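Here the structure is laid out as structure tokens; the discussion comes afterwards.
What follows draws every value from the coordinates through simple rules; no lab data is involved. What you see is a predicted model, and the numbers here were worked out from it, not measured in a lab. Here the Cβ is made from the backbone with ideal geometry for all residues, glycine too, and neighbour counts use every protein chain on show.
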Amino acid sequence: MEIQSLLAATPTLPPPRLRPTLKMVRPNVLCRWRDSENRALARKIILQWKQDRGFDQKNSDAACAALVQALSRKRMPHLAQELLLEMKSEGFLPGTSTLSALMLCYAGNGLIQQAQAIWEEIINSSFVPSIQIVSELFDAYGKMEQFDDVAKIVDQVSSRDFNLLPEVYSLAISCFGKGGQLELMENTLKKMVSRGYIIDSSTGNAFIRYYSIFGSLREMENAYGRLKRSRLLLEKEGIRAISFAYIKERKFYKLGEFLRDVGLARTNVGNLLWNLLLLSYAANFKMKSLQREFVRMVEAGFHPDLNTFNIRSLAFSRMSLLWDLHLSLEHMRHEQISPDLVTYGCFVDAYIDKGLGRNLNFALNKMNLDDSPLLLTDPFVFEVLGKGDFQSSSEAFLEFKSPREWNYRKLIAVYLKKQCRRDQIFWNY
């Protein structure tokens, strides 16, 4: 019998709860295996191991680590511990790979105290943990909201002055931020700066993102001000995060101020800044300002993309500006940009709302109705302007059948039939 067969014959236990308490030091689900059974199975595995590949210190550390990882996936940390004890009795001294695997096995299965004990054994020895191991450990602790233990690990690494300390600080900031622990994230950043380490762009932008998600607008704005003073460049994800925070609060004027402050002339983020600015005007249907900024965008040397056109088309459709819709479509064709489901929906909704359903072919003949439907518009657009009736109806159909089975012609035909029936039901009453 091979080792994998032995593992396959062992039942996989359910995962531990993600909100641990002190009682989770010995989870009930892990008590199904008695120590004697664990010990017997561990001996069988070692015996089979000797028969299969031999057993020596040089080659067994990586193989043992892989075996512990397999046991971790099967939710059997106690068996992993018994296996290690049996191997020690055979004269095997666990290396950094085996100890790291066992530590992550404990952490991933809710055995926090045991994981912490292995961690202290690692850092008190001559072993230096890799940054990948620290990252996985922080992820496991973060999922179980053991943020105090993460802070303790950072302090331990700091007291030993390992070379990986700057990266550990960055990982801790990310871990605290994902968990909404803004105070811990702030304190870690201050410690990092006090030790003379430079905040890189990735850490600074992550700091902004988490403040935009979990903090107030004022806290987010203060964090952005600090990023500017540090002369770090706000990257694409940071711009999106701050913009989304303003959009959630419907602060479109502040959104426009922020975008201008970042700099509309920046080309390394594509059309993102301009599209968000156009969206801030479309939100309140300030059509003259929308058109003026669109002209400025083109004059600045930026080429409109699908999001640019769909932001304008949605505003034109809601305001029933059919002529502007047609001009926008002509401009799209000139820029060689193919319309998506949102673009088609703008025309269908606008003509239906104006009671011009019979004239819809005038617009649709300029579009390829035999294309498979695609939705390529940035979700930010829907956060501000919502979805049109045709788009919402079509997405419901596409949930049940593959887009390859549909084309725009079929979707529009089904939608028009649905509208016709709805009108007939109305008049019957």
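Here are the numbers:
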read-out: Listing of helices (runs of 4 or more DSSP H) fully contained in the range 226-293 that carry 3 or more residues being within 28 Å of S317 (Cβ to Cβ) and touching a Ser or Thr at 6+ places or on another chain (Cβ under 6 Å); value: 252-262, 272-282
read-out: Residue check, G238 of a type outside the set (D, E, K, R), out of contact with any Gly (no Cβ under 7 Å at 6 or more places or on another chain), surrounded by 13 or more Cβ atoms within 10 Å (Cβ to Cβ) and farther than 16 Å from E167 by Cα; value: yes
read-out: Of all residues in the range 124-159 being of a type in the set (S, T, N, Q) and in contact (Cβ under 8 Å) with a residue 12 or more places away in the chain, the one that is farthest from A65 (Cα to Cα); value: S158
read-out: Residue list for the range 275-317, filter: of a type in the set (S, T, Y) and under 17 Å from A265 (Cα atoms); value: T308
read-out: So F162, is it touching a residue at least 24 places away in the same chain (Cβ under 8 Å), under 15 Å from L99 (Cα atoms), assigned to a loop (DSSP other than H, G, I, E, B) and of a type outside the set (A, V, I, L, M); value: no
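Here is a yes/no grid of residues against (1) over 19 Å from V414 (Cβ atoms); (2) in contact (Cβ under 8 Å) with a residue 60 or more places away in the chain; (3) not in a loop (DSSP other than H, G, I, E, B):
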{"position": "R333", "(1), (2), (3)": "yes, no, yes"}
{"position": "F347", "(1), (2), (3)": "no, no, yes"}
{"position": "L376", "(1), (2), (3)": "yes, yes, no"}
{"position": "F382", "(1), (2), (3)": "yes, no, yes"}
